[in-house]
Amino acid sequence: MGFGTGIISGLIRVLSIGFRKPITYMYPESPRPVAERFRGMVGMRRDEVTGQLSCVGCGLCETACPNDVIRIDTSETDEGTRWVERYQFDLGRCIFCYLCVEACPVDALQMTRAYHLSTPNRADLILTADDMMRMTENPDQPLFEHLWRD
Amino acid sequence: MVDGWDVLILVIKALAIFIIVPLAPLVFVLAERKILGRIQSRIGPNRVGPWGLLQTLADGIKLGAKEDFIPPAGDRVVFWLAPLFMVVPAAMAWAVIPIGPEVEIGRKIGLWVTDLNVAILYILALGSVAVYGPVMAGWSSNSKYALFGSLRSTAQVISYEITMGVAVLGVLVYTGSFSLVDIVEKQKDMWFAVPQILGLFVFFVSGIAETNRAPFDLPEAETEIVAGYHVEYSGMRFAMFFLAEYANMFLVSALAVILFFGGWHGWTIPGIEGLTSVLWFMLKTLALMFVYFWLRATLPRLRYDQLMAFCWKFLLPLGIVNLLITAVLRLGWS
């Protein structure tokens, strides 16, 4: 190789790359499709029969969580039936480890592929069971859709 | 005889320069970002306006709204003057750049502000004045990075001015005139890029070094000395440095087109020769601007000793050899 040929071949290489298609995904308009087994937000299954929350309030997910994300308040009726008063999921603390999903005995907690989860406000990230059920059904929909430009 | 029309035409030409010189960088900055983006498999600016066309304008407005900070320990007056020493020569040099031939619109109008008979010397002299910009900026900032940047810039620009002068001399030996209009007219049949290929190489490399662009961007090396001589500048003053850099690139490209690529000569459409000539000139200049961006995307920054060795041990001998060959050939011709 002669003197200066490296520069020439480098210039040609750079130019050839310049004619390739950019690999950019224009995020909000056309989001990048995710892999089939992508680890997204933890979702919640809606019970097929009642259409209600399928969680039985056993509290195993609360125990399994390494990061204190889940909080369940339950109440018991006089007949001894447990009832979920409040299911709270702090997405800001979640590390997407899915230990809660493994722990759930009734498969109420599920894996989803949802990843449009951003918000400027931390307090927004404390989700309810309704939010989780909605995201399980529509994982491609942004979690805070009202914040998105139309 | 000079009449009112001549004065009016001169004023219009001067105004055109005053509009083009600040506006052209707006386009070039965007073009550079877009081209660099494509080369890096990105898209580049695309949010502000259609295809990001208003991005540079938005950046300019942002800079205009920023605080104008003057270092308390610095030299106020020199700090004020330094950006002007960058911008004014860049705009002044355009006075002698012919962008097209003489056209007939009622009367004969040359598409240049003035056809100076020492135009090349004038431009080289303005280039020397522009060295004071970085020097004053670096010194008055009272910051070590700025001072390093200005020292590097001074050594670099002064060294590469010599090689640039030598490269221009080759063309001058061919034409026997310092006037840029004469130089372009002499290239009607053959561009000087053909016999002066070495001169073109020396000139363009020196031009890149003179304008402190990659791979010779040591004076403003972000990774080494933060931002070099303009590290303490903010707001509109910084914008002036930025503007001057792109205006100087435009100037060097235009000068290379005039000296080596036949200026406005090219295939013309009968009837609108003037317009096609200007288009040819612009097309050639923009092609050279693209080379600037292309080099920036490809080459890493030189080390300081490599920069100096390249200038004095390679470029200068090459330029002198080119000058000698040209002179001998010219002597044999006549």
Fill in the blank from the handout: Of (1) surrounded by 11 or more Cβ atoms within 10 Å (Cβ to Cβ); (2) farther than 30 Å from A:Pro28 by Cβ; (3) of a type in the set (Ser, Thr, Tyr), A:Thr119 fails just (2)
Exercise for the section: Confirm whether B:Trp5 is in a helix (DSSP H, G or I), within 14 Å of chain A (Cβ to nearest Cβ) and modelled with pLDDT under 85. Expected result: no
Completion exercise
If we keep only residues of region B:302-334 that are within 14 Å of chain A (Cβ to nearest Cβ) and either charged (D, E, K, R) or not in a helix (DSSP H, G or I) (or both), then the residue nearest to the chain's Cα centre (by Cα) is B:Leu302
Handout entry: Top-ranked residue of region B:11-62 - restricted to ones that are of a type in the set (Lys, Arg), within 14 Å of another protein chain (Cβ to nearest Cβ) and closer than 22 Å to B:Met282 by Cβ, ranked as surrounded by the most Cβ atoms within 10 Å (Cβ to Cβ)
Key = B:Lys34
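The values are calculated or read from the model by the stated rules, or taken from the named source; none is laboratory data. Computed from a prediction, not measured in an experiment: that's the story for all the values here. Counting neighbours? That spans all protein chains shown, and the Cβs are built from the backbone with ideal geometry, glycine included.
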